[in-house]
1. Under a crude label model (7 Å from the Cα following the beta-carbon direction), how far is E144 from D380 in nanometres?
2. Report relative contact order for the stretch 188-383 in percent, whole number only (criteria: Cα-Cα under 8 Å, sequence separation at least 6).
3. Quick check: pseudo-label points 7 Å beyond the Cα along Cα→Cβ at A136 and S312, how many nm apart are they?
4. Within 10 Å of each residue's Cβ, count the other Cβ atoms and sort H353, H63, H238 from fewest upward.
5. How much net charge surrounds R326 when only other residues with a Cβ under 15 Å from its Cβ are counted (Lys, Arg +1; Asp, Glu -1)?
6. Could you tally the net charge around A316, taking each other residue with its Cβ under 14 Å from the Cβ of A316, Lys/Arg +1 and Asp/Glu -1?
7. So what are the three principal axis dimensions of the stretch 2-178 from its Cα atoms, in whole Å, longest to shortest?
8. Taking the radius of gyration and the Kirkwood hydrodynamic radius from Cα positions alone, what is the Rg/Rh ratio for the stretch 1-79, to two decimal places?
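Here, each number is a calculation from the coordinates, and none is a lab measurement. Source: prediction; values computed, not measured. No Cβ is skipped: glycine too gets one built from the backbone with ideal geometry, and neighbour counts run over all protein chains shown.
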Amino acid sequence: MIAAAEFLDRGFAAGIDFFTGVPCSFLTPLINGAIVSPHLSYVGAASEGEAVAIASGAWLAGHRTAVICQNSGLGNAVNPITSLNYPFRIPTLMVVTWRAGPGLKDEPQHELMGRITPDLLKLMEVPHRPFPADAANAPAAIEEALAEMDSTGLPFAFIMQKGDVSNDVAKDGGGDEMMAPPARVAGEASDYSGQGAAMTRYQAMELVLSTVSEDTGIIATTGKCGRELFTIADRRQHLYQVGSMGCAAGMGLGVALNTDKPVVVLDGDGAAMMKMGTLATIGAYAPTNLVHIVLDNGTYDSTGGQPTVSGSVNFAAVAADCGYARGLKCDGADGFTQALAMAQKEPGPHLIHMRIEPGSMKYLGRPTVTPAEVALRFKDFLTS
């Protein structure tokens, strides 16, 4: 058994300073230790997949990261691990608990995942080893994990069993230090609907690019959103998510919390609805340099134009209630122009819900740079 503080200190000495995840009772000492540590940052995520996206953003901003979660949460994390971390070659250390592990009686919902946890990690090509519960072996185990990640550009997992970590941090929840981010007053919701002509996604993106500063990092969600951004202008400060639908906002949060540069997320209605919990996380941690734009065409444009259910969703109001500084709603060029000006004038985070016309540009390109190359140049932009 290793003390949580000792494991965290060993990790910090090796450069791991950003943690995110979702709790498990096995992880209590580790999470509480990360929260109270003066050297570490911890972001509580709404889901394990969101945590992977947040950690990916923090890595792009120059940090070594760790995602901590229960093995049942691997189900939520499969998509970003396989379609974000793998193609973009973004490493993160994972600490995954082993509920219903060998010889351990547990609740019925853990039975199957308990049997397949190591095999699932292997299928996702995530190297793994037992959690270093022996304090004497922890430094070497952490260095081995970091060396593997540096070599492959992929995640590495420690599988933690019950009792591997001692509760040396907080027995009763930790008092004031253990409190969540302070509850934020609901932001202001502004409605600029009915002002100006309707826009396509292409036109809306051109307007965004014409108004943001050159030092703005832009993350575009998967599908035709990223492809149109690439076709309009391929720049090192642009990241095109070619997979991991729903993860653009989480990645944007991870970036924004770790850079002083402005960050814009270009999201879609289908993608935003896939991980609506991320709005709550953004509202709670409230990076002032983040503008989240939901370009809502009411369809899954990349898969044949099937309708989404966004017609009944007011993303601006939801964001404001989640703690964004402001949620702005618009459906025309003049209203979008005003919303962009407002979002860049005042501290964020801001969400702009822009309803646009369905369809995409006629001659639509695909990124000619690989995802790994896009990630490295975006990281260089953020850290230079």
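1. 3.4 nm
2. Values: 430 pairs, mean separation 61.5, N = 196.
Relative CO of the stretch 188-383 lands at 31 percent.
3. 6.3 nm
4. H63, H238, H353
5. Numbers: positive: R184, K329, K345; negative: E188, D191, D321, E346.
Net charge around R326: -1.
6. Working: positive: R326, K329, R355; negative: E188, D191, D267, D269, D296, D321, D331.
Net of charged neighbours comes to -4.
7. Dimensions of the stretch 2-178 along the principal axes of its Cα atoms: 41, 40, 33 Å.
8. Values: Rg = 12.0 Å, Rh = 12.6 Å.
The Rg/Rh ratio comes out at 0.95.
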